[in-house]
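Reading through the structure tokens given below for one structure.
The values are calculated or read from the model by the stated rules, or taken from the named source; none is laboratory data. All figures in this text were calculated on a predicted structure; none of them were measured in a lab. Cβ: placed from backbone, ideal geometry, glycine included. Neighbour counts: every protein chain shown.
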Amino acid sequence: MGTPLVEMLLDRGAEVRIASLDHPSRAHPNAEFQRTNLLRFESCLEVCAGMDFVFHVAGIKGSPAMTAKRPASFFVPTILMNTNVMEAARQSGVRGYLFTSTNGVYAPASVLREDDVWKTFPSENDKFAGWAKRMGELQAEAYQIEYGWDRVTIVRPANIYGPCDNFDPDNAMVVPSLIRRAVDGENPLAVWGDGSAVRDFIHARDVARGMLLAVESGVKEPINLGSGIGISIKELVEVIVRHLDPKPEVVWDKSKPSGDRIRVLDTSRAAAIGFRPSMSMEDGIRETIRWYQTNRRTQEGRYNVFREEKFLT
């Protein structure tokens, strides 16, 4: 959601500074770009200097396989970035700070409600990333108690997809992984599980719009950003295949785990501030497929922690 967020901020006349490990060629031409490592506190102080608002959308996204095999690559960079950027923003005296949490902070449940987080533990399928994001939320609470710093807005997005995502077939999330493998000619197309797992998907532009609305509304409680609608993995695959030509055969690998049975966000708090997703799953998947078909080479400049031997560079 970083790319559409930058575009929306620029459209509103903001002066935008991007901090990323991506290649500069991926940055918006009308924004300032700093290629920097947010795991270092000094770098965070540099990028926060002179800013009125900080939108912390940096994080580690990866497939369930990566979650199981490379938990430290989720946990350690996430903790360091969360801690460093928020502390740098506080020291810099920014007027507002958005912290991007995740639906991974929730325990398994059919409906994920904001106030239920601290009653339980994150799902075993999201344990490391979920706890890392929970620590960022606690950091914001600690700042409010000790310093009276109540400028943090917390959003918990559903499963985000859209153009400019990580399409690496070995470590991408389900939507970009399926799209890349199918567009690149995998046939039959192998999908983990039996397709019955239900998830809440939301387009990146809707998330960016929800972030801006949450900051502008001055929301002081965590807020879910999702569709509030459950889509099964089987339905998702059918939508993807519908927009492909040729259409691959789909093979379900039931020997692989499906994850939690159902995870759908309660979006009533978001609706109360006027947020509703505008992008349908059908239109969003069609757009994402077309984007990937046209922009495959741009993936080469995207920083991918799972392709790096060391994340402290």
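Taking the stretch 66-111 only, how many residues are part of a strand (DSSP E or B), more than 15 Å from the chain's Cα centre (by Cα) and either closer than 18 Å to A19 by Cβ or among the aromatic types (F, W, Y) (or both)? Outline the logic, then answer.
Residues of the stretch 66-111 that are part of a strand (DSSP E or B), as a first pass: 96-100, 111.
Now restrict to residues that are more than 15 Å from the chain's Cα centre (by Cα): 96-97, 111.
Next, from what is left, pick out any that are either closer than 18 Å to A19 by Cβ or among the aromatic types (F, W, Y) (or both): 96-97.
So the answer is 2.
Restricting to the stretch 155-173, and then to whatever is among the hydrophobic types (A, V, I, L, M, F, W, C) and surrounded by 21 or more Cβ atoms within 10 Å (Cβ to Cβ), can you tell me which residue is modelled with the lowest pLDDT? Explain how you work it out, then say what you get.
From the stretch 155-173, those among the hydrophobic types (A, V, I, L, M, F, W, C) are 155, 158, 160, 164, 167, 172-173; that's our starting set.
Pick out the ones that are also surrounded by 21 or more Cβ atoms within 10 Å (Cβ to Cβ) and you get 155, 158, 160, 167, 172.
Working: V155: 98, A158: 97, I160: 96, F167: 90, A172: 85.
Only one residue tops the list, namely A172.
Part of a helix (DSSP H, G or I) and either within 22 Å of R205 (Cα to Cα) or charged (D, E, K, R) (or both) - does that describe any residue in the stretch 49-62?
No; the residues of the stretch 49-62 include none that is part of a helix (DSSP H, G or I) and either within 22 Å of R205 (Cα to Cα) or charged (D, E, K, R) (or both).
Conditions (1) of a type in the set (G, A, S); (2) at positive phi; (3) out of contact with any strand residue (DSSP E or B) (no Cβ under 8 Å at 6 or more places or on another chain), marked per residue:
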site	(1), (2), (3)
L212	no, no, yes
E216	no, no, yes
V219	no, no, no
S268	yes, no, yes
R276	no, no, yes
S280	yes, no, yes
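Read through the list (1) under 30 Å from V191 (Cβ atoms); (2) among the hydrophobic types (A, V, I, L, M, F, W, C); (3) touching a strand residue (DSSP E or B) at 6+ places or on another chain (Cβ under 7 Å), then give the number of the only condition that A65 fails.
Going through the list (1) under 30 Å from V191 (Cβ atoms); (2) among the hydrophobic types (A, V, I, L, M, F, W, C); (3) touching a strand residue (DSSP E or B) at 6+ places or on another chain (Cβ under 7 Å), A65 breaks only (3).
State all residues of the stretch 24-39 that are among the aliphatic types (A, V, I, L, M) and either under 23 Å from R12 (Cα atoms) or touching a Cys at 6+ places or on another chain (Cβ under 9 Å) (or both); if no residue qualifies, say none.
Hits for the stretch 24-39 are A27, A31, L38.
Report whether or not F121 is aromatic (F, W, Y), part of a loop (DSSP other than H, G, I, E, B) and under 15 Å from the mean Cα position of the chain (by Cα).
Details: aromatic (F, W, Y): yes; part of a loop (DSSP other than H, G, I, E, B): yes; under 15 Å from the mean Cα position of the chain (by Cα): no.
For F121, the condition - aromatic (F, W, Y), part of a loop (DSSP other than H, G, I, E, B) and under 15 Å from the mean Cα position of the chain (by Cα) - is not met.
Mind listing whichever residues of the stretch 235-282 are part of a helix (DSSP H, G or I) and either polar (S, T, N, Q) or farther than 30 Å from P188 by Cβ (or both)?
S268, R269, A270, A271, A272, listed by residue number.
Say whether the condition of being touching a residue at least 12 places away in the same chain (Cβ under 8 Å), in contact with a Phe, Trp or Tyr (Cβ under 9 Å, 6 or more places away or on another chain) and surrounded by 17 or more Cβ atoms within 10 Å (Cβ to Cβ) is met by at least one residue in the stretch 39-51.
Yes: the stretch 39-51 contains one or more residues that are touching a residue at least 12 places away in the same chain (Cβ under 8 Å), in contact with a Phe, Trp or Tyr (Cβ under 9 Å, 6 or more places away or on another chain) and surrounded by 17 or more Cβ atoms within 10 Å (Cβ to Cβ).
Being of a type outside the set (F, W, Y), surrounded by fewer than 18 Cβ atoms within 10 Å (Cβ to Cβ) and assigned to a helix (DSSP H, G or I) is the filter here; which residues of the stretch 140-154 pass it?
The initial filter retains those residues of the stretch 140-154 that are of a type outside the set (F, W, Y), namely 140-142, 144-146, 148, 150-154.
The next check asks that each one be surrounded by fewer than 18 Cβ atoms within 10 Å (Cβ to Cβ); those that pass are 141-142, 144-146, 148, 150.
If the condition is that a residue be of a type outside the set (F, W, Y), surrounded by fewer than 18 Cβ atoms within 10 Å (Cβ to Cβ) and assigned to a helix (DSSP H, G or I), then E141, A142, Q144, I145, E146 are the ones that fit.
Tally the residues that are surrounded by fewer than 19 Cβ atoms within 10 Å (Cβ to Cβ), within 20 Å of the chain's Cα centre (by Cα) and of a type in the set (A, V, I, L, M), restricting the search to the stretch 238-270.
Going through the stretch 238-270 one residue at a time, the tally reaches 1.
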